[in-house]
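Scroll down for the structure; my scribbles are underneath it.
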Amino acid sequence: MIKSVSNTNFDSIAPIYDGLSWLVFGNVLQRAQTEHISLIPPNSKVLLIGGGSGWLLEQLLRYRPEAEITYLEVSEKMLHLTQRRIRQKFPEPFKIDFRLGDENSLQPDETFDVIITPFLLDLFPDERLQQLMNRLCASLRPQGRWLFSDFWPAQTPPPAWQQLLLKSMYTFFGLVSHVKAPRLPDFNDHFARQPLRLEASATFYGGLVQARAYRKV
Ligand SMILES: C[S@@+](CC[C@H](N)C(=O)[O-])C[C@H]1O[C@@H](n2cnc3c(N)ncnc32)[C@H](O)[C@@H]1O
């Protein structure tokens, strides 16, 4: 049994999560997740945390089959979907450590060249998010890269349609997946607290979604 301080639960929605995302956003969220995949150096040790049903892991394996990957998911159902997907699509074995749990499952001395957080960080209230980001940053090697994709309005204040869409999503995932955050965190503020410098960024969906690549200084 995994004790997660986040207490989110994507098990019930796991079988339909990808379909739902396609229905609302088409392939936008997937494009954002792969925007900076080319910045992953060969032979990297990669932590992919909150990867859901494994679509991004599949792309990662196609791009960097030699990478050593830790796939950390707190939802048992999502993890099973991922394992099934990879077994079905790739006959040869890869260096993947499938791990059920959250960031507390990382070993104190475990470090990575690349950390990927695809639509994960928007789930947490400020204090919890800061703990999570501190923990992840501590396990990122010097000069390591953090590939981030998430809802992060490029415009301040966000246009009314974005505010409405975000409010609906937080209400929905609050009810269905017990997401505790009431609204999007101030990502600018959270990233500014970490020893990271912005390397590349891109916006999607009329500026509602951003993909960013940070480098540890
Ligand atoms: C919003 S979903 C995004 C899934 C996938 N990245 C995508 O975009 O399709 C967030 C995922 O993060 C997982 N998750 C939430 N908190 C986590 C944590 N602390 N550690 C690892 N996974 C977590 C959830 O189980 C869920 O699968």
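No lab work stands behind these numbers, since they all come straight from the coordinates. From a predicted model like this one, the values you see are computed outputs, not experimental measurements. All Cβ positions, even for glycine, are placed from backbone atoms using ideal geometry, and neighbour counts span all protein chains on display.
As an exercise, use a Förster radius of 30 Å and the Cβ-Cβ distance of ASN27 and ASN188 to find the FRET efficiency, rounded to the nearest 0.05. It would help to have the intermediate numbers written out before the result.
Details: r = 27 Å, r/R0 = 0.89.
That pair, ASN27 with ASN188, gives E of 0.65.
Based on Cβ point charges of +1 for Lys and Arg and -1 for Asp and Glu, what charge dipole magnitude is obtained for region 11-216 about its Cα centre, in debye rounded to the nearest 20?
On the way: 23 positive and 22 negative charges, 60 e Å.
The dipole of region 11-216 has a size of about 280 debye.
Restricting to DSSP loop positions (anything but H, G, I, E, B) with no more than 14 other Cβ atoms inside 10 Å of their own Cβ, which GluC sites (Glu not before Pro) remain in region 1-100?
Answer in residue order: GLU66.
What number, in percent, do you get for the relative contact order of region 11-216 if the mean sequence gap of Cα pairs under 8 Å and at least 6 apart is divided by its residue count? Intermediate results must be reported in sequence, preceding the final value.
Numbers: 339 pairs, mean separation 47.7, N = 206.
In percent, rounded to a whole number, it is 23.
Take the alpha carbon atoms of region 172-217, find their center, do the same for region 101-166, and report the distance between the two centers in whole angstrom.
What the calculation gives is 6 Å, centre to centre.
How charged is the neighbourhood of ASP126? Take every other residue with its Cβ under 9 Å from the Cβ of ASP126, and add Lys/Arg as +1 and Asp/Glu as -1.
On the way: positive: ARG128; negative: GLU127, ASP186, ASP189.
That works out to -2.
Could you list the residues of region 8-29 with an amide nitrogen less than 19 Å from a label point located 7 Å from the Cα of TRP161 in the Cα-to-C-beta direction?
The answer is 21-29, whose backbone nitrogens lie closer than 19 Å to the label point.
Return a single number: how many Lys pairs in the chain, at a sequence separation of 8 or more or on separate chains, have alpha-carbon atoms below 24 angstrom apart.
So the count of such lysine pairs works out to 9.
For the chain, modelled as a GNM with alpha-carbon contacts under 10 angstrom, which of LEU175, LEU48, LEU29 fluctuates the most?
The residue that fluctuates most here is LEU175.
Measuring from a point 7 Å past the Cα of LEU198 along Cα-to-C-beta, which residues in region 140-165 have an amide N at less than 15 Å?
Backbone N within reach: 146-156.
Taking a ≥ b ≥ c as the square roots of the eigenvalues of the Cα gyration tensor of the chain, is the shape rounded (a/c under 1.5), prolate (a/b larger than b/c) or oblate?
Values: a/c = 1.35, a/b = 1.17, b/c = 1.16.
Rounded shape, in that the Cα axes give a/c under 1.5.
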